[in-house]
Amino acid sequence: MATAYITNISEFIDVFLQQFTDNNTSITLHNHFCNIKQETSKTVITYLGRFNKLFRQIQQLETNDYYSDVQILDQFIAGLKDKLIKKVRPHAPEDLTTAIKHAKNYKIAIEEANHTKLVNLAIGKTSLAAEEKIDQLAKKVESYFTNQQQQQQSQRYQQPQ
């Protein structure tokens, strides 16, 4: 009987996982993946890192494609904070990359408005007029994303001539 040698890291990982994981590990990872949520105090980037790490672990255990692209996309969106879900889902992203982009863009715009407000508070320059301007900026950001959603939806319904 010929001895098979491991020639690369991918083969090593496959052999290692076959040898040292059991069905309970797979079930546990799938349960974690199906219930992953963006924690209240965590950023989209932190959530994305946890999401990707967990998904890579599942991929290493499975020999076939366990989740479809649509299931992965839906799971990513479902795990976002409620406010972000409401901003990303109406865009109807067709892939994970697009969903991530929408989540990051919305979060960055809101964080910038909040940062401006915090800086003004910290240096004692806050006034009612400044707070109103910050609130107006936040509303403009909200309006921008709403308009983007409406434009995308109307483009989807227009048929090519």
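Straight-line reach from K42: taking Cα to Cα under 26 Å and skipping same-chain neighbours fewer than 8 places apart, the lysines in range are K53, K81, K83, K86, K87, K101, K104, K107, K117, K139, K140. Maximal additional length on extending the V70-I6 stretch stands at 19.6 nm, based on 0.36 nm per residue less the C-alpha distance.
No lab work stands behind these numbers, since they all come straight from the coordinates. Note that the structure is predicted; figures quoted are calculated from it, not measured.
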